[in-house]
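Enquirer: Before I ask anything, here is the structure I am working with.
Bear in mind that the values in this text are calculations on the coordinates, not laboratory data. No experiment lies behind these values; they were computed from the predicted model shown. All Cβ positions, even for glycine, are placed from backbone atoms using ideal geometry, and neighbour counts span all protein chains on display.
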Amino acid sequence: MRVLLVGAGGREHALAWKIAQSPLCEHLWIVPGNPGTATLGTNVDLAADDAAGIVGLATREQIDLVVVGPEAPLVEGLGEVCEAVDLAMFGPSSEAAQLEGSKAFAKMIMLEAGVPTAAAHTFDDPAAAIAFVEADQQAWVVKADGLAAGKGVIVPDDGNVAATISAIHELAATNAGTRLVLEEKLTGPEVSLLALCDGERAIPLIAAQDHKRIGDNDTGGNTGGMGSYAPAPILPYAEAQALVDVIFTPVLRTMAARQIPYRGVLYAGLMLTPNGVKVIEFNARFGDPETQALLPLLKSDLLELLHKVATSNLADVTIEWHDGAAVCVVLSAAGYPAKPRTGDVITGLDRLPSDVLSFQAGTATNAQGQLVTAGGRVLGITAVAPTLREARDKAYAATELVEFAGKYQRSDIAARGLAE
């Protein structure tokens with residue numbers, strides 16, 4: 001099978017690493033890729049949102065399957081462009097990707113499908129949102145309706161009306177915040193549950209947990225994710241499978257009834273509240289950095305699974321997993337998330353043990369051929385071991401071998417898993 005993977009981050013490096021292992025993979029192209037993916041296939045210098053360029057490349061190279069990593073090309077309609085030329089693609093159409101592209105649309109689908117979720121109100125005018133909060137005198141979680149690269153949610157302190165109003169002003173000033181969703185603030189641990197969906201059927205992956213805040217103990221601002229681990233002990237696989245009938249199947253049926261079949265991976269961000277599981281958000285793609293922890297544990301052939309999803313053929317499919325646990329620790333650049341510095345030389349990857357994986361995200365090669373920082377989240381260092389504690393210890397030991405000026409990492413990745 002000739003495969004074209006779209007994207008350039010750590011998630012795409014992990015996807016490329018796993019796809020390249022498949023005996024079905026004849027050759028892999030990555031658009032645009034990064035220095036890490038270049039070791040697994042052929043990087044092509046096209047933008048991830050260049051739909052015409054991607055389809056042209058796929059036609060020239062006789063691509064059998066396009067796999068889309070990031071959300072933006074999905075929301076912008078790459079699926080429809082591929083469908084128009086009868087090109088199989090893993091990922092939802094732009095309409096279906098509104099489950100991530102619009103918080104208001106996702107909330108509407110959840111309510112229509114009967115999926116447990118937080119109460120919410122949608123506003124097209126920030127002044128109306130502020131008036132609502134001032135009258136209500138409660139703190140609300142404020143969400144930008146559109147895509148915000150994982151940074152479009154502000155959770156104020158309990159009862160802090162002023163912080164809620166400040167969050168409304170902040171997000172309303174962004175491109176993603178032309179519409180705002182105010183959501184009831186829930187309490188409880190969060191967990192990420194992803195499922196492969198072929199329009200009718202959903203098969204869950206093992207649960208993972210990521211760490212969104214920049215600082216230890218979940219302090220500081222939101223990021224795209226500072227690390228992850230799997231499986232999450234708080235949601236055993238048997239319980240994850242039971243949630244298919246509660247969350248995924250109702251959504252698939254509701255979308256199908258609207259003539260918007262959902263094919264791809266559907267990521268449910270869950271909160272385990274005292275009143276049961278609630279869906280906080282949906283994403284229309286593999287999570288980042290959850291993918292870097294999930295795929296090393298996947299025993300099944302990923303490429304075969306992706307193709308079955310794209311061709312609506314998940315009937316009688318069972319996903320197999322390796323025993324053990326995986327921990328991914330993200331190394332970020334100086335200044336991340338506000339103003340990440342680029343151009344710092346990265347050393348030490350050649351010193352990593354053979355059983356530790358390094359997934360490149362914000363990296364590039366400079367004029368001297370050196371690997372340098374080129375984004376906020378630079379590397380995901382992933383280790384697999386028989387137990388979560390061993391995997392965590394191995395991952396953190398490996399991070400000490402990698403150096404670049406301003407390197408930053410959280411010190412508590414997977415700590416909550418060890419406490420459960």
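Enquirer: What is the dipole size for the chain, taken about its Cα centre, with +1 at each Lys and Arg Cβ and -1 at each Asp and Glu Cβ, in debye to the nearest 20?
Expert: Working: 30 positive and 50 negative charges, 100 e Å.
About 480 debye.
Enquirer: Over the chain, calculate the relative contact order: mean separation of alpha carbon pairs under 8 Å at least 6 apart, over the residue count, as a percent.
Expert: Details: 1018 pairs, mean separation 67.6, N = 420.
Reported as a whole number, the value is 16 percent.
Enquirer: Taking amide H atoms as placed 1.01 Å from N in the peptide plane, list the residues 5 or more away in sequence, or in a different chain, whose amide H sits under 5 Å from that of Met89.
Expert: Placed amide hydrogens put Val66 under 5 Å from Met89.
Enquirer: Report the number of Lys pairs in the chain whose alpha-carbons are under 19 Å apart, with separation of 8 or more residues or on distinct chains.
Expert: Close lysine pairs found across the chain: 26.
Enquirer: From the C-alpha gyration tensor of region 86-158, pull out the three semi-axes of the equivalent ellipsoid (sqrt of 5λ each), sorted largest to smallest, in whole Å. Let's see the in-between values first.
Expert: On the way: eigenvalues 163, 39, 26 Å².
Computed over region 86-158, the values are 29, 14, 11 Å.
Enquirer: Follow-up. What percent of all Cα-Cα pairs in region 65-207 falls in each 10 Å bin, counting up from 0?
Expert: Whole-percent P(r) values from 0 Å outward: 11, 35, 33, 17, 5, 0.
Enquirer: Decide, for the chain, between rounded, prolate and oblate: order the square roots of the alpha carbon gyration tensor eigenvalues as a ≥ b ≥ c, take rounded if a/c falls under 1.5, and otherwise choose prolate if a/b is larger than b/c, else oblate. Write out the running numbers ahead of the final one.
Expert: Working: a/c = 1.39, a/b = 1.16, b/c = 1.19.
Rounded, because the longest to shortest axis ratio a/c is under 1.5.
Enquirer: So how far, in whole Å, is the C-alpha centre of region 243-310 from the one of region 37-83?
Expert: 22 Å
Enquirer: Next up: If we count other beta carbons within 10 Å of each Cβ, what is the order of Asp288, Asp393, Asp86, fewest first? Show your work: numbers first, answer last.
Expert: Values: Asp288 28, Asp393 15, Asp86 6.
Ranking Asp288, Asp393, Asp86 by Cβ neighbours within 10 Å, fewest first, gives Asp86, Asp393, Asp288.
Enquirer: Work out from phi, with θ = phi - 60° and the Karplus expression 6.51 cos²θ - 1.76 cosθ + 1.60, the ³J(HN,Hα) of each residue of region 28-44, listed in order in whole Hz, and give x for Gly and Pro.
Expert: 10, 10, 10, 10, x, x, 8, x, x, 5, 5, 7, 10, x, 10, 6, 10
Enquirer: Something else now. How long are the semi-axes of the equivalent ellipsoid of region 190-310, defined as square roots of 5 times the Cα gyration tensor eigenvalues? Whole Å, largest first.
Expert: Numbers: eigenvalues 114, 59, 38 Å².
Over the Cα atoms of region 190-310, the semi-axes work out to 24, 17, 14 Å.
Enquirer: Can you give me the orientation-averaged projected area of the convex hull built on the Cα atoms of region 275-324, in nm²?
Expert: Taking the Cα atoms of region 275-324, their convex hull projects to 5.4 nm² on average.
Enquirer: What percent does the relative contact order of region 165-239 come to when contacts are Cα pairs within less than 8 Å and at least six residues apart? Could you put the intermediate results ahead of the total?
Expert: Values: 88 pairs, mean separation 15.7, N = 75.
Once divided by the residue count of region 165-239, the mean separation gives 21 percent.
Enquirer: Taking square-rooted eigenvalues a ≥ b ≥ c of the alpha carbon gyration tensor, is region 242-365 rounded, prolate or oblate, where a/c under 1.5 means rounded and, failing that, a/b exceeding b/c means prolate? Walk me through the numbers on the way to the answer.
Expert: Numbers: a/c = 2.05, a/b = 1.64, b/c = 1.24.
It is prolate, given that a/c is not under 1.5 and a/b is the larger ratio.
Enquirer: Now a separate question. Please rank Ser228, Ser332, fewest neighbouring Cβ atoms within 10 Å first, as an exposure proxy. It would help to have the intermediate numbers written out before the result.
Expert: Numbers: Ser228 28, Ser332 25.
Least crowded to most crowded, the residues run Ser332, Ser228.
Enquirer: Relative contact order for region 1-63: what is it in percent, counting Cα pairs under 8 Å that are at least 6 residues apart? Intermediate results must be reported in sequence, preceding the final value.
Expert: Numbers: 101 pairs, mean separation 21.8, N = 63.
Relative contact order here is 35 percent.
Enquirer: Once you have the Kirkwood Rh of region 124-178 from its Cα pairs, apply Stokes-Einstein at 10 °C and 1.306 mPa s and quote D in µm²/s.
Expert: 144 µm²/s
Enquirer: How would Trp17, Trp29, Trp321, Trp140 line up from fewest to most surrounding beta-carbon atoms within 10 angstrom? Let's see the in-between values first.
Expert: Details: Trp17 20, Trp29 23, Trp321 15, Trp140 28.
Going from least to most buried by this count: Trp321, Trp17, Trp29, Trp140.
Enquirer: If you take the Cα Rg of region 2-91 and divide it by 2.2 N^0.38 Å, with N the number of residues, what do you get?
Expert: Values: Rg = 11.6 Å, N = 90, 2.2 N^0.38 = 12.2 Å.
In units of the globular-protein estimate, region 2-91 measures up at 0.95.
Enquirer: What net charge do the residues around Leu418 carry, taking every other residue with its C-beta under 9 Å from that of Leu418, with Lys and Arg at +1 and Asp and Glu at -1? Walk me through the numbers before you get to the answer.
Expert: Values: positive: Arg389, Arg392, Arg416; negative: Glu420.
Net charge in that neighbourhood comes out at +2.
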